[in-house]
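Report on the structure given below.
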Amino acid sequence: MKDFSLSDVRLFTKAAQLGGLTPAADVLNVPKASASRQLQRLEATVGHLLLHRGSTRFALTEEGREFLVAAQHVLTILDDVMLNLSSGGGAVNGRLRIAVPHYYGRELLTNHLPAFMTAYPQLEVVVETGKDRADLFRDEADLAIRRGREGCDELVARHLKHEPLMLCAAPAYLSPFPRIESLSDLASHFFLTTDAEGRKREINLATAEKTHRVRVESVFQSDDLELILQLALSARGIALLPVSLASPQIGQGLLVPVLPSLNLKPQEINLVYLPSRRNSPKIKTFVDYVLSIFRSS
C-alpha cells in the first residue's frame, strides 16, 4: 500500500467541500501552486483522477466521491483522537454535530440541551433540524435521532422510545365525506405525508398483526411533522401523527381520530452513530446523557 500525505488528503477534502482548489488553499494557507501539486500527488498515489477541474468545471469523479467518504471519515476520527490527547485524554470538547427531525429534535433539545452544554462548556454543539437522514458515512453529522430503523443496519442504534401514532383530520375536512369505517375508505381521501414519493402512492400502516399497504393520494409532503399538523388543522387532508403532537388538538376539538380502533404500531425512535465512533468521548458522553433522560421519563 502506498503512503498518503495527510496534508494532501486534507486539501482534497477541503477542495471538495468549498468547490475549488483556490478557496481550499486560502483556508489551509497553502500556496496555490503547491495546492495543485499536492492534488496531483494524491491522485498519483490513489491511481485515479479524483477531481474534474477546469475554467468552468470543478466536480468530483466517481472515484473521487468514493475516496472523499473514506477520507472524511478517517480525518474526523484522527481529529477526535488528536484533540482528546492534547487535552489530557477523555476530555469532552471539540465540535458535536447532531442531526434531528424537526419535532423530536425540538422536544429533546429545547428541554435538555442547555443543561448538557452547561455541564460541558468546552464542547461546541451544532444541531441541524430536519436532517435525521444525514449520511453519517459521508461525515454529515456525528449522531442522528431517527424515526424507525430504516438505514440503521450498519450503524449503532440506541433505542430512545416508542412513539404511539394515530390517523387524524380536521372535522371540516371530514364533514363532506361518508364516515370512514375501513382502510379501503382511505383511498378516496387526501393525505399529508412525511415523504415525497409522488402524489399517488402507498403508505404503510403497521399494526401488531400486520402492515397494511394503503394506496392514497398525497397532496402534501414534508419531513416537518409540525408543518403537517398545521395543514391538517387547515382541513387539507388526513395526517399520520405522533399521539403526543395530535392529542392537544383533539382535546380542543380541532382534530378528530380517524379509524381509532386500528391500533397502529408505535414508531421506534433511535439515536444512531457510526460503530467506529463509539469510543469518542464527546459522542459517548452525549449518548449516555440522552439515554439517561429517556430512562427517567
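Assorted remarks:
- Every residue from region 90-104 that is outside any helix (DSSP H, G or I) and at pLDDT 80 or above: GLY94, ARG95, LEU96, ARG97, ILE98, ALA99, VAL100, PRO101
- Any hit, region 275-286, residues being touching a strand residue (DSSP E or B) at 6+ places or on another chain (Cβ under 8 Å), without any contact (Cβ under 8 Å) to a residue 24 or more places away in the chain and aliphatic (A, V, I, L, M): no
- THR61 farther than 29 Å from LEU96 by Cα, surrounded by 14 or more Cβ atoms within 10 Å (Cβ to Cβ), at pLDDT 85 or above and not assigned by TED's automatic domain parsing to the domain that holds LEU143: yes
- Listed by position, the strands (runs of 3 or more DSSP E) enclosed by region 230-297 that each have at least 3 residues that are of a type in the set (A, V, I, L, M, F, W, C) are 238-242, 267-273.
Residue-by-condition table, conditions (1) buried (at least 18 other Cβ atoms within 10 Å of the Cβ); (2) assigned to a helix (DSSP H, G or I); (3) in contact with an Asp or Glu (Cβ under 6 Å, 6 or more places away or on another chain):
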| residue | (1), (2), (3) |
| --- | --- |
| ARG106 | no, yes, no |
| VAL125 | no, no, no |
| LYS131 | yes, no, no |
| HIS159 | no, no, no |
| ARG179 | no, no, no |
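- Single condition GLY251 does not satisfy, out of (1) touching a strand residue (DSSP E or B) at 6+ places or on another chain (Cβ under 6 Å); (2) of a type outside the set (A, V, I, L, M); (3) farther than 23 Å from PRO101 by Cα: (1)
- Within region 1-17, the only residue that satisfies the criterion of being crowded, with 16+ Cβ neighbours inside 10 Å and free of Cβ contacts under 8 Å to residues at least 24 places away in the same chain is LYS14.
- Looking across region 187-210, the residues that are at pLDDT 65 or above and either part of a loop (DSSP other than H, G, I, E, B) or more than 20 Å from ASP223 (Cβ to Cβ) (or both) come down to ALA187, SER188, HIS189, THR194, ASP195, THR207, ALA208, GLU209, LYS210.
- Screening GLU202 against (1) farther than 18 Å from PRO101 by Cβ; (2) under 22 Å from the mean Cα position of the chain (by Cα) leaves a single unmet condition, (2).
The values are calculated or read from the model by the stated rules, or taken from the named source; none is laboratory data. Since the structure is predicted, the reported quantities are computational estimates derived from the model, not experimental observations. Neighbour counts run over all protein chains shown; Cβ positions are idealised from the backbone, glycine included.
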